[in-house]
Amino acid sequence: MSGHRFDTRAIHDGHENFSPDSMSTPIYQSVAYPYFDAKEAAEIFTGARPGYTYGRWDNPTVEVFEKRMAALEQTDAAIATGSGMAAILLLGHQFLEPGDEFVSSNRVYGGTFGLFDTGFRKMGIKVNWVTTPESLGTWAAAVTPKTKFIYVESPSNPGLFIADLPALSQLAKQHNIPFIVDNTICTPALQQPTSFGADIVIHSVTKYISGNASSLGGIICGPNEVIDGIRGGCMRYLGPSMAPFNAWLSLNGLETLSLRMERHCSNALAVARFLEQHPLVESVNYPGLSSNPYHELGERQMSGFSSLMSFVIKGTYDDAVTIIDGLKVMIHATHLGAAKTIVTHPASTTHSAMGPAELKKAGIPPTLIRLSIGLEDEADLIADLEQALARVQSATPAAAGT
Ligand SMILES: Cc1ncc(COP(=O)(O)O)c(C=O)c1O
């Protein structure tokens, strides 16, 4: 790490000593690196001499992104992956053997839920779900002698649950196991989980870091022994590496991350305040609201509340559909963290793998609508929501009063 402050690191770290130098990090669109002679190849492969070997686990452009992310998350090292899900899969492969267990909150992205519940089960691994993650006692009760790590997504998608990171880190330390945090929603610009005791931080780089829905990516930030183990082990066998062009796009994203997150946060707060007072809205999940149960905890751990939120309407699934289909500025898609505001219906799309019973346990009813607030003018976003909500109010006048 350079020792500079966050915004300077986000623009410079990892690129220093790049040769030949250039303002924009070059895209090394190559899978292999010719050697001067056999001795040089052998030395690079044993690590006796610096150099690159094969694009599935090392590439100069991707390396700049990895070093910058490690600097921002304050870890020894990082390894970039082809997607956020690939990062989570590699962690599982690194730490788990058949017969092992791990503990996770059930407030996770639907793909993560599917991987833990179905994908890992196929490999003989058991997830012990914590279904009341606000209670530290339930986390402690879920840990067994077979538990290999504790995993949490904070804030979570789409319910915006916020975990007590220092308390979970303490629990993991008591059992001498790693504490892993998915920091996708905050990004390191708003929350650095290692400051609260996390050992490993992962991201879907696809979201706010990349920032405009143009490229898939993931990253694992952690201690040297874990990152080296993944690079020399499961990354070689499984191969879900980040493409050099996607690393370049993600580096560009990092250069403006702090500025974008400020605007994401202020726009989101304005929208959440509008929704909170709307007669058709039952509840709003946005920890930036002072009425939110996670507000104080969030203030201790985060420097901003990001822009993912969800709200439950008074009405039916059909009313939720009327609102989603009626939005004109907001884009209906299964994504988050982009410059464009996105509306999603999690129960039928991103989280459908959970099934009705698990959706209920995770607090995702069919009347819940998720918003990822973008960088547009906040007044246009509020006006868009106002006209879409009015469609339900005019169709069923009684709903507004109930
Ligand atoms: C919090 C979180 N983690 C991980 C992922 C998976 O990331 P990717 O889509 O890049 O595989 C997502 C995707 O929506 C997510 O929201």
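Taken together, the values in this text are just the output of simple stated rules run on the coordinates, not laboratory data. From a predicted model like this one, the values you see are computed outputs, not experimental measurements. In this analysis, Cβ positions are derived from the backbone assuming ideal geometry, glycine residues included, and neighbour counts consider all displayed protein chains.
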Per residue, how big is the convex hull around the C-alpha atoms of the stretch 136-227? Give it to me in cubic angstrom, could you? 110
Solution diffusion estimate, µm²/s, Stokes-Einstein, the stretch 272-347, Kirkwood Rh from C-alpha pairs, 10 °C, viscosity 1.306 mPa s: 116
Per-selection Kirkwood Rh - the stretch 96-173 (Cα, Å, 1 d.p.): 12.6
Calculate how many DSSP beta bridges within the chain are antiparallel, expressed in % of all such bridges and rounded to the nearest 5. 60
Set of aspartates and glutamates near Lys207 by C-alpha distance (under 15 Å), chain-local residues within fewer than 8 positions excluded: Glu153, Asp182, Glu255
Would you compute the Debye intensity of the stretch 1-42 from its alpha-carbon atoms alone, equal scatterers and no solvent, and pass along log10 I(q)/I(0) at q = 0.23, 0.25, 0.27 Å⁻¹ to two decimals? -0.87, -0.92, -0.97
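Based on the Cα atoms of the stretch 6-255, what semi-axes does the equivalent ellipsoid have, where each is the square root of 5 times one gyration tensor eigenvalue, given in whole Å with the largest first?
Values: eigenvalues 203, 83, 48 Å².
Each semi-axis is the square root of five times an eigenvalue, giving 32, 20, 15 Å.
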Under 17 Å Cα-Cα from Lys126, which aspartates and glutamates qualify once same-chain neighbours fewer than 8 residues away are excluded? Glu97, Asp100, Glu101, Asp117, Glu358
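For the stretch 1-122, what Kirkwood radius comes out of the mean inverse Cα-Cα distance, in Å? Can you show the working numbers first?
Values: mean 1/r = 0.0577 Å⁻¹.
This gives a value of 17.3 Å.
I'd like the projected area of the stretch 229-281, averaged over all directions, using the convex hull of its alpha carbons. Report it in nm² with one decimal. Kindly include the intermediate steps, with their values, before the conclusion.
On the way: hull surface 27.1 nm².
Taking a quarter of the hull surface, the average projection is 6.8 nm².
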For Thr187, Thr256, what's the fewest-to-most ordering of other Cβ within 10 Å of each Cβ? Thr256, Thr187
Residue farthest toward the positive end of the dipole of the chain, with Cβ of Lys/Arg at +1 and Asp/Glu at -1: which of Val329, Ile369, Ser135? Ser135
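I need the per residue convex hull volume for the stretch 258-397, using only the alpha carbons, in cubic angstrom as a whole number.
Working: hull volume 14.9 nm³, N = 140.
It comes to 106 Å³ per residue, whole-number rounded.
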Excluding same-chain residues fewer than 8 positions from Lys39, which lysines have a Cα within less than 29 Å of its Cα? Lys67
What is the pair-distance distribution P(r) of the stretch 179-270, computed from all Cα-Cα distances in 10 Å bins starting at 0, with each bin given as a whole percent? 16, 42, 34, 7, 1
Rounded tilt (10° steps) of 244-255 against the dominant C-alpha axis of the chain: 60
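Of all DSSP beta bridges located in the stretch 258-397, what percent are antiparallel, nearest 5?
About 85 percent, rounded to the nearest 5.
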